[in-house]
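Single-structure report; data block below.
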Amino acid sequence: MSRQTGPKAAKPEPLATPMEDAGGIDFEIIELFFFAYRDFVSDPDAILEKSGFGRAHHRVVHFVNRNPGMTVADLLDTLKITKQSLARVLKQLIDSGYIRQVAGPEDRRQRKLYPTKSGRELALALAEPQSRRIERAFEGASAPVREGVKAFLSGMRDRKKAD
């Protein structure tokens with residue numbers, strides 16, 4: 001193997017100044033999203049960690065509880081994940097007694113998902129601290145402000161991927 005004989009590439013200079021808002025990029029809002037998301041998921045993360053579960057488990061438990069009887073295909077479409085990604089998480093939740101999988105009445109290949117009592121309790125335990133956080137953030141806000149936030153968050157969704 002031959003060695004490179006050309007001149008060494010100059011090391012890039014480190015930039016010591018913060019990145020400025022430029023080109024219409026709203027760094028302040030981006031950072032607020034980072035911090036809000038970090039804090040929004042922190043309480044459920046701590047609860048899930050005790051069971052050896054993670055955020056994927058949280059999403060599955062949430063949507064199955066909100067839509068009992070949804071099919072695996074519906075859940076895949078909602079979460080925009082692969083069958084392989086869902087299979088491991090769903091198996092753990094079924095084996096742990098949080099979710100029940102039932103064959104469809106007309107098509108036995110169709111798999112419908114239902115929360116169990118334990119699954120419902122877990123979903124509530126995960127949602128309660130998030131709900132408290134949301135209510136604290138809305139303290140003193142008017143109904144139109146709340147509707148504005150909902151419209152903003154809906155607007156953030158990718159329309160091509162939204163259900």
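The values are calculated or read from the model by the stated rules, or taken from the named source; none is laboratory data. All values derive from a computational prediction rather than experimental measurement. With ideal geometry, Cβ positions are generated from the backbone for all residues, glycine too; neighbour counts draw on all protein chains shown. Just the protein is used for accessible areas: all its heavy atoms, side chains included, with ligands, DNA and RNA removed. Shrake-Rupley method; radii C 1.70, N 1.55, O 1.52, S 1.80 Å.
What the table shows:
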| read-out | value |
| --- | --- |
| Pair list, Cβ < 7 Å and 6+ apart or interchain, from region 21-45 residues that are within 18 Å of residue 156 (Cβ to Cβ) to residues that are of a type in the set (A, V, I, L, M, F, W, C) and open to solvent by 60 Å² or more (accessible area, probe 1.4 Å) | 27/19 |
| Failed criterion for residue 144 (all others in (1) assigned to a loop (DSSP other than H, G, I, E, B); (2) closer than 23 Å to residue 40 by Cα hold) | (1) |
| Matching residues, region 51-83, being under 10 Å from residue 115 (Cα atoms) and charged (D, E, K, R) | 66 |
| Helices (runs of 4 or more DSSP H) wholly inside region 1-104 containing at least 1 residues that are basic (Lys, Arg) | 27-49, 55-66, 83-95 |
| Matching residues, region 74-89, being over 15 Å from residue 100 (Cα atoms) and not charged (D, E, K, R) | 76, 78, 79, 81, 82, 84, 85 |
| Residues located in region 64-92, provided they are closer than 16 Å to residue 122 by Cα and out of contact with any His (no Cβ under 6 Å at 6 or more places or on another chain) | 64, 65, 66, 67, 68, 90, 92 |
| From 120, 109, residue being open to solvent by 50 Å² or more (accessible area, probe 1.4 Å), free of Cβ contacts under 8 Å to residues at least 60 places away in the same chain, among the basic types (Lys, Arg) and in a helix (DSSP H, G or I) | 120 |
